[in-house]
Amino acid sequence: MKYLFFDIECCDGIHICEFGYVITDEQLKVLDKECILMNPEAAFNLTGRKGGRDLYLTHSEEEYRSSPTFTAYYEKIKQLIEEKEQIIIGFSMNDDAKFLNAACKQYDLKPIEFEFFDVQRAYKKLFDKIISLENMAKELEVSVPERLHESSEDALLTLEVFKQICKKKNISPTEVLQTCYSLNFGGDINKEISYLSEHPDQFSKRKIKKIISRFVESANPHGKIIKSEFAGKKVCFSALYEQEQPVECIILMQQIVNRGGSIDFKVSECDYYIKHDSDDENDKHSRYHYISQVSQNQFTKVISFDEFLTMLDLNETKLKRLPVPQVVESQRKQCNHIEETHAFVSLGEILRRYGIAQ
């Protein structure tokens, strides 16, 4: 069994210009290390970005421009990532996985799906902090290399940080990994929804919200439009309902779309609001607070869940029989999503597969 640590640098926060990696053996001894430069075929936008930190890469723009594009390295990167008997570890890996998804999308290549472990998330779980790799290294008394933002050096620094976390907490690598398991579905919204339906308790509120948002962006009517009073209307669900019953919520959102309606998360722009029994008008952060306190004189109609089902000509029995909707391939929009899971039972099975847990 081996470990693969990798890191990606981009020219603009989206397009890859560097892929660096370190491979170790089971004792975390370095076996291989490489930094791959590539032409991102996009403008370099590293400093002065609104809402983004300034970034200074190790290599010059000319070096990147004179390098091959992502397509030249796709098979090598894919083989590296899909190597059997290997665990993938990185820092803020959600971002790196999104960059890979975007590159595959850019060049019409098959997405690279993989399981990974995120050191940043492990640190948050174990030290209750979210900080940069550089600051994490300093806090853990790990020597920081002069060449930050050189992808292979960052991958190596992630390895050293990972080892130091084990040392500081006096726990095994397996115990660290149990805090930070995630999946990259390569941007496939249908796989995301399917996984959510099978493992509803393994997602954070933020991830559930993202999955629902992506579905709404991609959803289109299945078949002919069904005549309904929802035609041309916007519907907003209680956020409580979205969180407690996300898959059921997605199913019902599809039913609205099938009837010529649409979903909106802005209560002020909706015609119907689906109320949850636990909605609290005094909760200033809730959508229902806006309905009850702010938009009393507007035209949003509040309906209960039972009333809503009746309007759809459904009941609880019929609802349970409805299939989880699938987004048609030609209708999908770019969607670079990474799922985080927190089920240690499933994680234990994964770790046993790699031979690092009993």
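Just so it is clear, none of the values below were taken in a lab; they were calculated from the coordinates. This one's a predicted model, so the numbers in the text were calculated from it and none came from an experiment. Cβ sites come from the backbone with ideal geometry, for glycine too, and all protein chains shown count toward neighbours.
Some observations on this one:
- Ranked 287, 53, 65, criterion: other C-beta atoms within 10 Å, fewest first: 53, 65, 287
- At an R0 of 25 angstrom, the distance between the Cβ atoms of residue 320 and residue 280 translates into a FRET efficiency of 0.35.
- Among 121, 321, the ranking by other beta carbons within 10 Å of each residue's beta carbon, starting with the fewest, stands as 321, 121.
- The distance from the alpha carbon centre of segment 106-124 to that of segment 39-93 is 13 Å, rounded to a whole number.
- The trypsin sites (Lys or Arg not before Pro) found in segment 180-264 that occupy coil by DSSP, while having at most 10 further C-beta atoms within 10 Å, are 224, 227.
- Among 173, 120, 221 - extreme Cα towards positive end, dipole of the chain, charges at beta-carbon: 221
- Stokes-Einstein D for the chain, Kirkwood Rh over Cα pairs, 20 °C, 1.002 mPa s (µm²/s): 94
- In this structure the amide hydrogen of residue 238, modeled in the peptide plane, comes within under 5 Å of the amide hydrogens of 274, 276, none closer than 5 places in sequence on its chain.
- Karplus-based coupling profile of segment 230-246, in residue order and whole Hz: 7, 4, x, 9, 9, 10, 10, 8, 4, 4, 5, 5, 4, 6, 7, 9, x, with θ = phi - 60° in 6.51 cos²θ - 1.76 cosθ + 1.60 and x standing for Gly or Pro.
- Between residue 92 and 119, 120, 121, the built amide H atoms are under 5 Å apart, and every one of these is 5 or more places off in sequence or on another chain.
- Estimated vicinal HN-Hα couplings, Hz - segment 275-283 in sequence order (Karplus 6.51, -1.76, 1.60; Gly, Pro = x): 7, 8, 4, 9, 4, 10, 5, 8, 7
- Taking amide H atoms as placed 1.01 Å from N in the peptide plane, the amide H of residue 45 lies under 5 Å from those of 12, each 5 or more residues away in sequence or on another chain.
- Order of 26, 141 - criterion: other Cβ atoms within 10 Å of each residue's Cβ, fewest first: 141, 26
- Cβ-Cβ FRET estimate between residue 265 and residue 126, R0 fixed at 45 Å, reported to 0.05: 0.85
- Model label points for residue 45 and residue 2, set 7 angstrom from Cα along the Cα-to-Cβ axis, are 3.7 nm apart.
- Phi angles across segment 136-141 convert, under the Karplus curve 6.51 cos²θ - 1.76 cosθ + 1.60 with θ = phi - 60°, into 3J(HN,Hα) values of 5, 4, 5, 5, 8, 6 Hz, Gly and Pro given as x.
- Residues in segment 106-130 reached by a label modelled at residue 83 [backbone nitrogen below 19 Å; 7 Å Cα→Cβ]: 112-119
- Mean separation of Cα contacts under 8 Å (6+ apart) over length of segment 8-110, as relative contact order %: 26
- Excluding same-chain neighbours fewer than eight residues apart, the lysines reachable from residue 129 by a Cα-Cα span under 17 Å are 138, 168, 169.
- Selected from 10, 70, 39, residue furthest toward positive end of dipole (segment 1-86; charges at beta carbon): 10
- The chain: antiparallel DSSP beta bridges as a percent of all, rounded to 5: 60
- Computed over segment 222-331: relative contact order in percent, which uses C-alpha pairs under 8 Å that are six or more apart: 28
- Helical content of the chain, expressed as a calculated mean residue ellipticity at 222 nm, amounts to -11500 deg cm²/dmol (DSSP H runs of 4 or more residues, -39,500 (n - 2.57) each, divided by residue number, nearest 500).
- Alpha-carbon geometry of segment 222-331: the Rg and the Dmax are 14.0, 43 Å, given in that order.
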